[in-house]
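The values are calculated or read from the model by the stated rules, or taken from the named source; none is laboratory data. Bear in mind the structure is a predicted one, so any value in this text is a computation, not a measurement. A quick note on method: Cβ atoms are made from the backbone with ideal geometry, for glycine too, and the neighbour counts reach across all protein chains shown.
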Amino acid sequence: MKVILKEDVKDLGLMGSIVDVKKGYGRNYLIPRNLAVEANPNNIKQFEHQKKIILAKARKIRQSAQDIADQISQMSLAIEALAGEEDKLFGSVTAKDIAEAIARQGVEVDRRKILLEEPIKRLGTYEVGVKIHQDVTATVKVEVTKARAEQV
């Protein structure tokens, strides 16, 4: 039995693939769980049309992500933090702080998209990655400076 996969199925194939499976597996597992449809000429034609629409939408989303990444890459963030001797911070600069600094520049980014392996604990300039889309990553320059006492 030939089926068209509607989603990626582990050990079988990727979405849009036409694969040959046993009748019982197709009728009792793949089709009822909406993972596949039977590969008849009508379904193939319909799926090709849907595939074109999905690809166009994916290109549009990727392009908007690339535009946001370009904006973020041009940013230079300045974050002030209290620091003690040897430029060690009291506390740290986290992904949340960086996300808030980017938001103040006019671009909303989820803090979980910021690729910060561990919080920044020293003064200095850092390059921090921001994953906008699965294929698009931007790099933002973050400068951590010492806060003046009268600002606290």
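Among the residues of segment 37-60, is there at least one that is touching a Lys or Arg at 6+ places or on another chain (Cβ under 6 Å) and surrounded by 11 or more Cβ atoms within 10 Å (Cβ to Cβ)? Steps first, answer last, please.
Of segment 37-60, the ones touching a Lys or Arg at 6+ places or on another chain (Cβ under 6 Å) are 39.
Among the residues that remain, those that are also surrounded by 11 or more Cβ atoms within 10 Å (Cβ to Cβ) are: 39.
Looking through segment 37-60, at least one residue is touching a Lys or Arg at 6+ places or on another chain (Cβ under 6 Å) and surrounded by 11 or more Cβ atoms within 10 Å (Cβ to Cβ).
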> For segment 3-34, how many residues are modelled with pLDDT of 90 or more, surrounded by 14 or more Cβ atoms within 10 Å (Cβ to Cβ) and not β-branched (Val, Ile, Thr)?
Replying inline: 6
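Do we find a residue being touching a residue at least 60 places away in the same chain (Cβ under 8 Å) and over 22 Å from the mean Cα position of the chain (by Cα) anywhere in segment 41-62?
Looking only at segment 41-62, we keep the residues that are touching a residue at least 60 places away in the same chain (Cβ under 8 Å), and these are 61-62.
Still in the running and over 22 Å from the mean Cα position of the chain (by Cα): none.
No, that holds for no residue.
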> Looking at (1) assigned to a strand (DSSP E or B); (2) in the same structural domain as Met15 (by TED's automatic domain parsing), can you tell me which one Val142 breaks?
Replying inline: (2)
> Which residues, counting only those in segment 79-101, are touching a residue at least 40 places away in the same chain (Cβ under 8 Å), in contact with a helix residue (DSSP H, G or I) (Cβ under 8 Å, 6 or more places away or on another chain) and under 16 Å from Leu116 (Cα atoms)?
Replying inline: Ile79, Ile98
>> Considering only segment 78-85, I want to know if a residue exists there that is in the same structural domain as Ala138 (by TED's automatic domain parsing), closer than 30 Å to Thr137 by Cβ and under 27 Å from the mean Cα position of the chain (by Cα).
In response: yes
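If you go through segment 121-135, how many residues are touching a residue at least 40 places away in the same chain (Cβ under 8 Å) and either among the basic types (Lys, Arg) or assigned to a strand (DSSP E or B) (or both)? Step through it out loud before you land on a result.
Applying the first criterion (touching a residue at least 40 places away in the same chain (Cβ under 8 Å)) to segment 121-135 yields 123, 130, 132-133, 135.
Retained after the next criterion (residues that are either among the basic types (Lys, Arg) or assigned to a strand (DSSP E or B) (or both)): 130, 132-133.
So the count comes out to 3.
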> Is it the case that some residue within segment 134-144 is surrounded by 15 or more Cβ atoms within 10 Å (Cβ to Cβ) and out of contact with any Asp or Glu (no Cβ under 9 Å at 6 or more places or on another chain)?
Replying inline: yes
> Among the residues of segment 101-113, which ones are out of contact with any strand residue (DSSP E or B) (no Cβ under 9 Å at 6 or more places or on another chain) and either among the acidic types (Asp, Glu) or surrounded by 17 or more Cβ atoms within 10 Å (Cβ to Cβ) (or both)?
Replying inline: Val107, Glu108, Asp110
> Do you know which residues across segment 136-149 are in contact (Cβ under 8 Å) with a residue 40 or more places away in the chain and aliphatic (A, V, I, L, M)?
Replying inline: Val136, Ala138, Val140, Val142, Val144, Ala147
